[in-house]
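Report on the following structure.
Each value in this text was obtained by applying a stated rule to the coordinates, not by laboratory testing. Here the structure is a predicted model, which is why all the values come from computation and not from measurement. Ideal geometry is used to build each Cβ from the backbone, glycine not excepted, and the neighbour counts take in all protein chains shown.
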Amino acid sequence: MGIEIISSGLQTTIQDLGRVGWRHMGVPESGGADKISLKLANFILGKPFNSPVLECTLTGPTLKFSSPYSVTITGADMNPKINNKEVGMNQVIEVEPKDILSMDNCSKGCRSYIAFSEDILSEDFLGSASTYLPAKLGGIEGLPLKEGSVINTRPCKSETNSLTEVDVNLSIGFENEWNIRVIKGPEFNLIKETSREIIFSSIFKVSNDSNRMGNRLIGVKVDISDNIQMVSCPMAPGTIQCPENGLPIVLGCDSQTLGGYPRILQIAATDLHLIGQLRPNDTVSFEKISVDQARKELMKQNSLFNYLQ
């Protein structure tokens, strides 16, 4: 069983939920940049949440199937088509041998996820198939998918029956303007008084200099107290650092595990998936919430899939 890559798209990689528990050894988490959309794709097919899928960035691939599959596409809408006929997002799509799935670019959001009824065969590193491009780990040779290559698959046992479709009101909506909830970071108090409120009333723009490691933001400069010497400290996806130029950096799923810039904010876990959908020139604003609020919102989010089921 296999899926031929007719065209690869801008950057299509194999991802699961990542390498959890290895950051203390300097290994980034990686995994899907938008883990909610990744989990939703597997959920619709009745597969374990951690099953490997294809992550497509800005422009999707063209795939040719050699055997029947059930397929689901979630995340940013890249106008998927089967044999040039439009198909829906967030639902089960049945394909036959020689069928071709083609995807275009997206105008809202940044990443789509393609899940298959069979398991993708890929390289395992520290318990994860996720592709980590800087070190060429996981996936297929640690690289983005290439034109002419074949994705091999094998039958799998689904945990539950697949869903016909997901109510559009329960799937994730994407825009080009994002309001992201945050809690104070460990070095929040290093922000000068004049900047502490400005950061929550300002609108930032996502720079072109952004990727899975992080998103650089353009806009008002955040002033940090002078003569502060920091030693390198632990970082995590969703940490917002403030370098010397005062322009925040939102760390992503492939981010480093240590850093020396002040950690001024931390994105609440319930909004971490939004990092993966930020695209260049999108606007971002930050909403300050308490740790208790962040916990309650995460509990609500974690109950979403049980509610759908």
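Scaled to the compact-protein estimate 2.2 N^0.38 Å, what is the alpha-carbon radius of gyration of the chain, rounded to two decimal places? Display every interim value, and only then the final one.
Numbers: Rg = 19.7 Å, N = 309, 2.2 N^0.38 = 19.4 Å.
Cα Rg divided by the expected 2.2 N^0.38 Å: 1.02.
Which trypsin sites (Lys or Arg not before Pro) from region 70-139 combine a DSSP loop assignment with at most 14 other Cβ atoms within 10 Å?
On the way: sites: 81, 85, 98, 108, 111, 136; in loops: 98, 108, 136.
Those that pass, being in a loop and sparsely packed, are 98, 108, 136.
In square nanometres, what is one fourth of the surface area of the convex hull spanned by the alpha carbons of region 2-170?
Numbers: hull surface 37.2 nm².
Quarter of the Cα hull surface area: 9.3 nm².
Can you compute the label reach from residue 232? Point 7 Å from Cα along the Cβ direction, backbone N cut-off under 18 Å, restricted to region 241-265.
Only 241-244, 251-252, 254-263 pass the distance filter.
Rounded to the nearest 10 degrees, what's the angle between the helix 35-44 long axis and the longest principal axis of the chain, both from Cα atoms, 0 to 90?
30
Neighbouring Cβ atoms within 10 Å as the yardstick, rank 156, 110, 253 fewest first. If you can, show how the numbers build up before the last one.
On the way: 156 16, 110 23, 253 27.
With the fewest neighbours first, 156, 110, 253 line up as 156, 110, 253.
How large is ³J(HN,Hα) for each residue in region 191-197, as worked out from phi by the Karplus curve 6.51 cos²θ - 1.76 cosθ + 1.60 (θ = phi - 60°), to whole Hz, x for Gly and Pro?
My calculation for region 191-197 gives 6, 5, 3, 5, 9, 5, 8 Hz in order.
By how many degrees, 0 to 90 and rounded to 10, does the Cα axis of helix 291-302 deviate from the longest principal axis of the chain?
Around 0 degrees separate the two axes.
Counting only residues 5 or more places away or on other chains, whose amide H sits under 5 Å from the amide H of residue 7 once H atoms are built in the peptide plane?
Counting only residues 5 or more places away or on other chains, the set is 62.
Taking only C-alpha pairs under 8 Å that are 6+ residues apart, what is the relative contact order of the chain in percent?
On the way: 799 pairs, mean separation 62.7, N = 309.
Normalised by residue count, the contact order of the chain is 20 percent.
Only counting other Cβ atoms within 10 Å, I'd like 70, 149, 255 sorted with the fewest neighbours first. Working shown, then result.
Details: 70 18, 149 15, 255 23.
With the fewest neighbours first, 70, 149, 255 line up as 149, 70, 255.
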